[in-house]
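Reviewing the structure listed below.
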Amino acid sequence: MSSLVLSRLSVRYGKRTVVHEFSATVKPGDWLCLIGPNGAGKSSILRAITGLASHSGDVSVDGSPLKLRSPRRRAELVAYVPQSPSLPAEMSAFDYVLLGRNPYISYFGTETAHDRSMVANVLGRLDMLDFADRSLGSLSGGEQQRLVIARALAQEAPILLLDEPTSSLDIGHQQQALELVDRLRHEHGLTVISAMHDLTLAGLYADRLALLHEGHMVMSGTAAQVLRAETLAEFYGVSVSVHHEPDGTVVVVPRRTNS
Amino acid sequence: MDGQPSAFESVGAVSPRPSWWLPASILVLVGAVVLGAYIGPAGGITSANWHLIWTVRMPRVALAALVGAMLSVAGASYQGAFRNPLADPYLLGVAAGSGLGATIVFVAGRSDTSGWIIDPLPLASFVGGLTAVFVTYLIGAAFGSSRSSLTLVLAGVAVTSLATAIQTFILYRNNDVIREVYSWILGRLGTATWRDVRLVTPYIAISCIVLLLHRRQLDVLRVGDDEAASLGMQVARVRLIVVVAATLGTAAAVSVSGLIGFVGIVVPHAVRMMAGASYRRLLPLTIVLGATFLILTDIPGRVLSHGAETPIGVVTAFFGAPFFIVVLMRRRRAQ
């Protein structure tokens, strides 16, 4: 279980600042979801935490700054699931998940029996042992998405970053993937930060939402606090109705404007 | 839900791939070496022509094996480092640079240098090849981000064009050496000596060892620069080491054999079709089968046309070009 603290994180691409001094604290086992329109800076924050986007400000895990760590040690703490992962069609599912063990294998080394059993263990937990020898190209979109999550789990990192984990999935597989992440964070105490477009799903699974607009965090809180029709109208420029179910679920439904 | 340990063990047992490819390929290589020693205009292996076989055919077979292995493993490594299945070892300008270096020596006049301790032709070709790739890297590093290889590849195109333009200009002014330069460009193994073999063996050996040591890294790189970096890999450093090693060996191979095309593409792709795309299996197999391929393609050139040999570059291109099209078609289907 690890906590993640982002303090005054700014990301610039050339002269353009895409994230302005974003600060947040995610407690061990918590799920923070970044929401906001396209270009708001959600992905850039995740890429900065992973070390893929150069940034100013600090990212610390359990009090120690990530930038002091080598890429390998960083990968032991943070696992990243990109928005559109590359899936080499001819690679076997087992070999793909084995890539998650890279931080633990020495530069010229090869995987140990422990790494292999770790991969088998992860595949087993996700009910994917039967897929081990299948090539990635032969799997469905939903199966591929589960494998990407499996690879992140094989990394054994306490912090999991998910960039639009459900964007390419149908509603059934969206639910399956998010249920899986939710189950795993409860079983393993994973700290999760995700970027998501589907506001209802974001509110359903995350403990807290952070609404971004043009690189600034404009609001953060629970789903009930952030997902309000007037707030969404202001920052997304949409007309929506927000329904509160008896169980506390907040449902965001778009409305037709030219009826 | 949780799997049992017995189930995990069974996966661990299934997943390692059949390892008979490598021994089988080595057997084929041995067969190719025997054929290479046996076939030639002077006839088969007899006690009368043993001297000829040892001083003419065997260095030729050895050099074909070294050059074939090097070009193939360099091609596979470039394809991995740039994640481009059509990358070949000449991608960053090594061929054009070597060609320019060789052209300069031909124009300066080879006869004047016959008494030199070091033959200037392979030296100039080697230096020319390395210089071209070095310039490519400088341009790529100056204008591209450290994690993108596209600028580097485009810089390679520019450097290749520039070196070729200078070479063409020199040839235009000195058309008496065109035939010699042209025959160098088409590649040749016919004049191979044990001295050539000794000259290039250290470079090719070091290059192959470094590349083999990076085969797992190349597998990690298959998921792309960003994801490889998120898995803890220092992508720019790995790419630099792989490219430097592959280039060094390629420049050495080219300096003694000229430009032998298509080997760096044909062999890695044939191996992928047979034994899968994992670099951990691909690199050792391309070394063995690349050596085999060039020994075998060198044989028809000796016997096809009596008197004048068919250049090896013509034979490899004859088989390579149609194969290239097959690879493109397969790739299109895969997408």
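What follows is calculated from the coordinates using simple rules that are stated; it is not laboratory data. The structure presented is a predicted model; accordingly, all values stated were derived computationally and were not measured. Heads up, the Cβs are rebuilt from the backbone with ideal geometry, glycines too, and the neighbour counts pull from every protein chain shown.
How much of the pair distance distribution for segment B:21-334 lies past 25 Å, counting alpha-carbon pairs only, in percent?
Numbers: 24208 of 49141 pairs.
The calculated P(r) of segment B:21-334 puts 49 percent of pairs beyond 25 Å.
Under 16 Å from a point placed 7 Å out from the Cα of B:R198 along the Cα-to-Cβ direction: which residues of segment B:29-59 have their backbone N that close?
So the set is B:55-56, B:59.
Straight-line reach from A:K27: which lysines have Cα under 30 Å away, leaving out those fewer than 8 places along the same chain?
Candidates past the 8-residue exclusion: A:K42, A:K67.
Consider all pairwise Cα distances in the protein assembly as shown and report the whole-number % of them above 44 Å. All intermediate terms of the calculation are to be shown ahead of the outcome.
Working: 56940 of 176121 pairs.
So the pairs more than 44 Å apart make up 32 percent of the total in the protein assembly as shown.
For chain B, return all DSSP H helices satisfying: extent of Cα atoms along own axis at least 27 Å; mean Kyte-Doolittle hydropathy at least -1.0.
Details: long enough: B:58-81 (34 Å, 1.11); B:120-143 (34 Å, 1.67); B:150-173 (35 Å, 1.55); B:194-213 (28 Å, 1.39); B:235-257 (32 Å, 1.73); B:279-303 (37 Å, 1.00); B:312-334 (32 Å, 1.17).
Those that pass (Cα extent of 27 Å or more, hydropathy at least -1.0) are B:58-81, B:120-143, B:150-173, B:194-213, B:235-257, B:279-303, B:312-334.
Treating the angle as unsigned and between 0 and 90°, give the value, to the nearest 10°, between the Cα long axis of helix A:113-125 and the longest Cα principal axis of chain A.
40 degrees
Any idea what the relative contact order of segment B:21-334 is, in percent, if you count C-alpha pairs under 8 Å spaced at least 6 apart?
Numbers: 475 pairs, mean separation 99.2, N = 314.
Here the relative contact order equals 32 percent.
Between A:S140 and B:A165, what's the calculated FRET efficiency when r is the beta-carbon distance and R0 is 56 Å? Round to 0.05. Could the numbers behind the result be given before it?
On the way: r = 51 Å, r/R0 = 0.91.
It comes out at approximately 0.65.
Less than 13 Å from a label point 7 Å out along the Cα-to-Cβ axis of B:I118: which backbone N atoms in segment B:169-194 qualify, by residue?
none
5 Å is the cut-off here: which amide hydrogens, built 1.01 Å from N in the peptide plane, fall below it relative to A:H216, excluding neighbours closer than 5 in sequence?
HN-HN under 5 Å from A:H216: A:H20.
Which of A:S167, A:S70, A:S43 moves most in a GNM of chain A, Cα contacts under 10 Å?
In the Gaussian network model the winner is A:S70.
Over chain A, what is the mean sequence separation of C-alpha contacts under 8 Å (at least six apart), divided by residue count, expressed as relative contact order in percent? If you can, show how the numbers build up before the last one.
Details: 492 pairs, mean separation 65.1, N = 259.
Here the relative contact order equals 25 percent.
Suppose each label sits 7 Å from its Cα in the direction of the beta carbon; what would the B:I178-A:M1 distance come out to in nanometres?
For the pair B:I178/A:M1, the computed spacing is 8.1 nm.
If you find the alpha carbon centre of segment B:260-315 and of segment B:160-184, how far apart are they in angstrom?
27 Å
Please work out the Cα center distance from segment A:30-52 to segment B:78-101, rounded to the nearest Å.
38 Å
To the nearest 0.05, what FRET efficiency results for B:A108 and A:Y107 with a Förster distance of 41 Å applied to their C-beta separation? Before the final figure, lay out each step's value.
Details: r = 44 Å, r/R0 = 1.08.
Taking R0 as 41 Å, the efficiency between B:A108 and A:Y107 is 0.40.
With 10 angstrom as the radius, rank A:K27, A:K42, A:K15 by how many other C-beta atoms surround their C-beta, starting from the fewest. All intermediate terms of the calculation are to be shown ahead of the outcome.
Working: A:K27 14, A:K42 26, A:K15 5.
Fewest-to-most Cβ neighbours within 10 Å comes out as A:K15, A:K27, A:K42.
Going by C-beta contacts inside 10 Å, put B:V242, A:V97 in order with the fewest on the left.
Working: B:V242 24, A:V97 27.
Least to most surrounded, the residues fall as B:V242, A:V97.
Grab the beta carbon distance between A:S70 and B:A141, set R0 = 25 Å, and tell me the FRET efficiency rounded to 0.05.
Details: r = 22 Å, r/R0 = 0.89.
Computed FRET efficiency for A:S70 and B:A141: 0.65.
For a quick check, take a GNM of chain A with Cα springs below 10 Å and name the residue from A:E245, A:E21, A:E164 with the largest mean-square fluctuation.
Looking only at A:E245, A:E21, A:E164, the largest GNM fluctuation is found for A:E245.
Tell me, in nm to one decimal, what length is gained between B:H51 and B:A205 on full extension, where the rule is 0.36 nm per residue of separation less the Cα-Cα distance? Write down the numbers at each step before the final one.
On the way: separation 154, 0.36 × 154 = 55.44 nm, distance 2.74 nm.
Gain on extension, B:H51 to B:A205, equals 52.7 nm.
Provide the convex hull volume over Cα atoms per residue for segment A:4-254, in Å³. Can you show the working numbers first?
Working: hull volume 33.9 nm³, N = 251.
In segment A:4-254, the Cα convex hull volume per residue is 135 Å³.
Taking the DSSP beta bridges in the protein assembly as shown as the whole, what percent of them are antiparallel, to the nearest 5?
Details: 26 of 43 bridges.
Close to 60 percent.
Sort A:L153, B:L240 by Cβ crowding within 10 Å, fewest neighbours at the top.
On the way: A:L153 25, B:L240 15.
Arranged by neighbour count, lowest to highest, A:L153, B:L240 become B:L240, A:L153.
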